[in-house]
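The values are calculated or read from the model by the stated rules, or taken from the named source; none is laboratory data. The shown structure was predicted, so the numbers you read here are calculated from the model rather than taken from an experiment. A quick note on method: Cβ atoms are made from the backbone with ideal geometry, for glycine too, and the neighbour counts reach across all protein chains shown.
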């Protein structure tokens, strides 16, 4: 199993009063942030836009992106 399929990050959801909850989000990030000419990371194979929006998009959108990562990796290597 690729490392990106098992990695999780925690995000904090803040309310005006105090932190309201802790959310666990699957993330393909492996800590190798290098981008090619198409702005695709060679570590996790997401685009710059996908990375910047990762915690803001729905779980369904994240799963859709993650299902495309193996094909992106094969194109790059």
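Sort out which residues of region 37-77 are surrounded by 10 or more Cβ atoms within 10 Å (Cβ to Cβ) and part of a loop (DSSP other than H, G, I, E, B), and write them in order of number.
Result: 38, 39, 42, 43, 44, 45, 46, 54, 55, 57.
Is it the case, given these coordinates, that residue 25 is at pLDDT below 95, surrounded by 14 or more Cβ atoms within 10 Å (Cβ to Cβ) and part of a strand (DSSP E or B)?
Working: at pLDDT below 95: yes; surrounded by 14 or more Cβ atoms within 10 Å (Cβ to Cβ): yes; part of a strand (DSSP E or B): yes.
Yes.
Criterion first (more than 21 Å from residue 69 (Cβ to Cβ) and at pLDDT 55 or above) does residue 17 satisfy it?
Values: more than 21 Å from residue 69 (Cβ to Cβ): yes; at pLDDT 55 or above: no.
So residue 17 does not fit the description; no.
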